[in-house]
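Note sheet for the following structure.
The values are calculated or read from the model by the stated rules, or taken from the named source; none is laboratory data. Given the structure is predicted, the values throughout are model-derived calculations rather than measurements. Neighbour counts are summed over all protein chains in view; Cβ atoms, including those assigned to glycine, are modelled from backbone coordinates with ideal geometry. Each accessible area value is taken on the protein alone, full model and side chains, heavy atoms only, with ligands, DNA and RNA left out. Shrake-Rupley method; radii C 1.70, N 1.55, O 1.52, S 1.80 Å.
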Amino acid sequence: MERQKIFVIGDSVSMHYGPYLREMIKDKFDYDRKRGIEEALTDSDKPIGGNAGDSRMVLEYLIEEYQKNARYDILVINCGLHDIRVDRYSNKIQVDLEEYKLNLIKIIKISKMMANKIIWIGLTPIIDAIHNLRKEGFLRYSKDVDNYDNAAKQIMKEYNIPCIDIYNFTKNLGTDIYSDHVHFKEEVKKLQAAFIAGYLNCI
């Protein structure tokens, strides 16, 4: 049986669990993702290379790939954590909720022209007291994670896109799960990968 190709477009969290996920699904799928992982890992907060960034950037990338006639068996997408970044000086959110929802609809529509199957992976939780303890850099708020994640789930439901609820899965692992302000410890990355792999291996 020929293995299907899975292509991942996502943020730094998806880059971190990616190597574990690749191993867990290798018997059934060929795993690939947006290129430039080493570049992106030099600073996981900067959306460069393999880090797909916010919904605007994901949409722009997909438009470029569509123009190159890219095609996918299974396209796995996530974005949102970059959208909810808040400038600590202007208090302005990077991509407001209404634009985020519109971007997701556009992402779905162009993805359907490129992929046989689309799968959405939700946002991952943050804890305000941990994330915003930093003296510099952008802020994030858990209420925004919740609002954007729920909005994405609703849109995916409307467009019949399967959704892997990594938000609630990760949230239920407790609070001692972070390696920094937003990224996770190795054992948590492995659990996230296993959670996603369990879904993918059932396809």
To the nearest 10 degrees, how steep is helix 55-67 against the longest Cα principal axis of the chain, on a 0 to 90 scale?
20 degrees
Near the amide H of Tyr141, under 5 Å away, which other amide H atoms are found, from residues 5 or more places off or on another chain, if H is placed in the peptide plane?
none
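Below 8 Å between Cα atoms, with a sequence gap of 6+, how large is the relative contact order for the chain in percent?
This gives 22 percent for the chain.
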Filter the cross-link list Lys26/Lys157; Lys101/Lys135; Lys92/Lys185; Lys106/Lys153; Lys5/Lys117; Lys135/Lys189 down to pairs whose alpha-carbon distance in this structure exceeds 19 Å.
Lys26/Lys157; Lys101/Lys135; Lys92/Lys185; Lys135/Lys189
Solvent exposure, largest accessible area first (probe 1.4 Å, DNA, RNA and ligands not counted), of Asp96, Asp176, Asp11, Asp128:
Asp176, Asp96, Asp128, Asp11
Would you mind telling me the antiparallel percentage of the DSSP bridges in the chain, rounded to 5?
15 percent
With +1 on each Lys and Arg Cβ and -1 on each Asp and Glu Cβ, and nothing else charged, work out how big the dipole of the chain is about its Cα centre, in Debye to the nearest 20.
400 debye
Using the 2.2 N^0.38 Å rule of thumb for compact globular proteins, work out how the stretch 134-192 stacks up: its C-alpha Rg over that value, please.
1.32
If you take the alpha carbon radius of gyration of the stretch 80-172 and divide it by 2.2 N^0.38 Å, what ratio comes out, to two decimals?
1.17
Rg and Dmax of the chain, Cα atoms only, in Å
16.1, 55
I'd like the orientation of helix 97-112 relative to the chain: the angle between its Cα long axis and the longest Cα principal axis, in ° from 0 to 90, rounded to 10.
10 degrees
Please report the relative contact order for the stretch 118-203, taking Cα pairs under 8 Å with a sequence separation of at least 6, and give it as a percent rounded to a whole number.
36 percent
Tilt, helix 186-200 to longest principal axis of the chain (alpha-carbon atoms), in degrees rounded to tens, equals 40 degrees
